[in-house]
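Peer 1: Please read through the structure below; I'll follow up with questions.
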Amino acid sequence: MTRLAAERRHVVRFTLNGRSVQGEAEPRLLLSDFVRHQLGATGTHVGCEHGVCGACTVTIDGHLARACLTLAVQVDGGEVRTVEGLAPSPADLSVLQAAFRRHHALQCGFCTAGILMSLDDFLCRHDSPSERDIRELLSGHLCRCTGYTPIVRAALDAAAELAKQRRG
């Protein structure tokens, strides 16, 4: 690495899935590349690199974002959650992930991480979404394998389970 390139790198510190992380990034390095290649959070996929496909969806400070449209330096001091942060523990799936498994809501799995992130955020804010609500949310994601029907079924199943848990 040249001296000039080293001078352009910035230390980026943030919380990733509940743990403090840091690394060096050039100003133009995308968050998707940073979390995958420097931090090893490979669940965040890069599909279109234009924010259209949704495969790179993460949350930044509690808001959904496309990691392929976000620079790593922009999250300095913030909190990022990727699909690796959905499960309560490495041995247990979240309610949504378990519903995806039951309903065979993935095939190749490339789009799944982004869809899970969007649905997790949505289901935390909506107690009883309709099929139409779920389909509208999914319109921001491209899946070339499943035809969306199993994804919708899994999301509705997870919504019902989460509502039941909230009621006690």
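Rule-based calculations on the coordinates, nothing more; no lab input. The structure presented is a predicted model; accordingly, all values stated were derived computationally and were not measured. All Cβ positions, glycine included, derive from the backbone under ideal geometry; neighbour counts span all protein chains shown.
Peer 1: If you take the square roots of the eigenvalues of the alpha-carbon gyration tensor of region 95-167 and sort them as a ≥ b ≥ c, do you get rounded (a/c under 1.5), prolate (a/b over b/c) or oblate?
Peer 2: Judged from the Cα gyration tensor, region 95-167 comes out prolate (a/c at least 1.5, a/b above b/c).
Peer 1: Going 7 Å from the Cα of THR42 along its beta-carbon direction, which residues of region 106-140 have the amide nitrogen within less than 17 Å of the resulting point?
Peer 2: 108-114
Peer 1: Rounded to whole Hz and in sequence order, give me ³J(HN,Hα) for region 33-38 from the Karplus expression 6.51 cos²θ - 1.76 cosθ + 1.60, θ = phi - 60°, writing x for Gly and Pro.
Peer 2: Couplings: 6, 4, 5, 6, 8, 9 Hz.
Peer 1: Modelled label-to-label distance, CYS108 and HIS63, 7 Å Cα→beta-carbon offset: nm?
Peer 2: 3.2 nm
Peer 1: Restricting the count to DSSP beta bridges whose residues both fall in the chain, what percent are antiparallel, rounded to a multiple of 5?
Peer 2: 90 percent
Peer 1: Apply the Karplus curve 6.51 cos²θ - 1.76 cosθ + 1.60, θ = phi - 60°, to the phi angles in region 52-65 and return the couplings in whole Hz, x for Gly and Pro.
Peer 2: Per-residue couplings from phi come out as 8, 7, x, 5, 9, 5, 9, 10, 10, 6, x, 10, 4, 8 Hz.
Peer 1: Tell me the label only: which of [x] 19.7, 67; [y] 16.9, 59; [z] 15.2, 47 is Rg and Dmax of the Cα atoms in Å as calculated from this structure?
Peer 2: It is the value labelled [y].
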